[in-house]
1. Restricting to the range 46-66, name every residue that is over 22 Å from residue 98 (Cβ atoms) and either without any contact (Cβ under 8 Å) to a residue 24 or more places away in the chain or part of a loop (DSSP other than H, G, I, E, B) (or both).
2. In this structure, does residue 40 turn out to be away from the ligand (no atom under 11 Å from the Cβ), surrounded by fewer than 17 Cβ atoms within 10 Å (Cβ to Cβ), aliphatic (A, V, I, L, M) and modelled with pLDDT under 95?
3. Would you check which residues across the range 16-26 are away from the ligand (no atom under 12 Å from the Cβ) and crowded, with 21+ Cβ neighbours inside 10 Å and list them?
4. So which of 123, 88, 135 ends up being surrounded by 15 or more Cβ atoms within 10 Å (Cβ to Cβ), under 21 Å from residue 11 (Cα atoms) and modelled with pLDDT of 95 or more?
5. Which of the residues belonging to the range 72-116 are over 17 Å from the mean Cα position of the chain (by Cα) and assigned to a helix (DSSP H, G or I)?
6. Out of 159, 194, which single residue is among the hydrophobic types (A, V, I, L, M, F, W, C) and in contact with a helix residue (DSSP H, G or I) (Cβ under 8 Å, 6 or more places away or on another chain)?
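The values are calculated or read from the model by the stated rules, or taken from the named source; none is laboratory data. What you see is a predicted model; the values in this text were computed from it and never measured. Heads up, the Cβs are rebuilt from the backbone with ideal geometry, glycines too, and the neighbour counts pull from every protein chain shown.
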Amino acid sequence: MRIVLLGAPGSGKGTQSQLLVKAHGIPQISTGDLLREAVAKGTELGLRAKAAMDSGKLVDDAIVLGMIRERIAQPDAATGFILDGFPRNIAQAEALKMLLEELGTPLESVVLMNLDLRILFKRLTGRRVCQDCGRVFNVYTSPPGAAAHSKECGETHRLIQRPDDKEEVIGKRLEVYEAQTKPLIKYYEAAGLLRIVAADADVDTVFNSINRAVQRTL
Ligand code: AMP
């Protein structure tokens, strides 16, 4: 299964990717996670990406494409992958198409996670991430409770707010989505790959909708 999860920040791409990983045994490739890792490690690439990330802008295509090339070439991606947060603009989509053509493994579907802007804002301001296991929670809709168990942390998570989930940066990220990422909807529709899923339902319902949407293309 080779799919892209497309959607605005806060539409649930990360949460759904984690469920898809468990269900299908293929890796999630999140450019946001890869970039945050590079920033945390203080690598040269991380230093170059940090300013754009902190202000809610897109990181240079060249940096992101280099990362994607390297990640898709890893053995665990040979049987498929879930792209989360990539591509973010038409240039990245074109580069991805060429890369996958070279590898002889074209995309199978692009799932748009459709969500109202007002809900997105609430989801983003409420989002908290466990700094140890990476689980994503929301102080309004899914706070960590007894069921929020993970192998690494048990039931005790150390939650942090991503710097770019602060209210002042969220507006910019949604603006960037509208201007640069939204054109991908038409792009993938024209390519016959687009599937649209209502992302305002509960996590399990959205997960089932995504599975049904991708099954149609397998
Ligand atoms: P995300 O976790 O996907 O919301 O990404 C967090 C931030 O990382 C974004 O606001 C961008 O600054 C950067 N980023 C993630 N993916 C990309 C991408 N495909 N192209 C450019 N910048 C990206």
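1. Restricting attention to the range 46-66, the residues satisfying the condition of being over 22 Å from residue 98 (Cβ atoms) are 46-57.
Passing the criteria: 46, 47, 48, 49, 50, 51, 52, 55, 56, 57.
2. Values: away from the ligand (no atom under 11 Å from the Cβ): yes; surrounded by fewer than 17 Cβ atoms within 10 Å (Cβ to Cβ): yes; aliphatic (A, V, I, L, M): yes; modelled with pLDDT under 95: yes.
It is true that residue 40 is away from the ligand (no atom under 11 Å from the Cβ), surrounded by fewer than 17 Cβ atoms within 10 Å (Cβ to Cβ), aliphatic (A, V, I, L, M) and modelled with pLDDT under 95.
3. Keep residues of the range 16-26 that are away from the ligand (no atom under 12 Å from the Cβ), which gives 16, 18-26.
Selection gives 16, 20.
4. Criteria check complete, one pass: 88.
5. Within the range 72-116, 75, 76, 91, 94, 95, 97, 98, 99, 100, 101, 102, 103 qualify.
6. On the way: 159 fails: in contact with a helix residue (DSSP H, G or I) (Cβ under 8 Å, 6 or more places away or on another chain).
Matching residue, one of 159, 194: 194.
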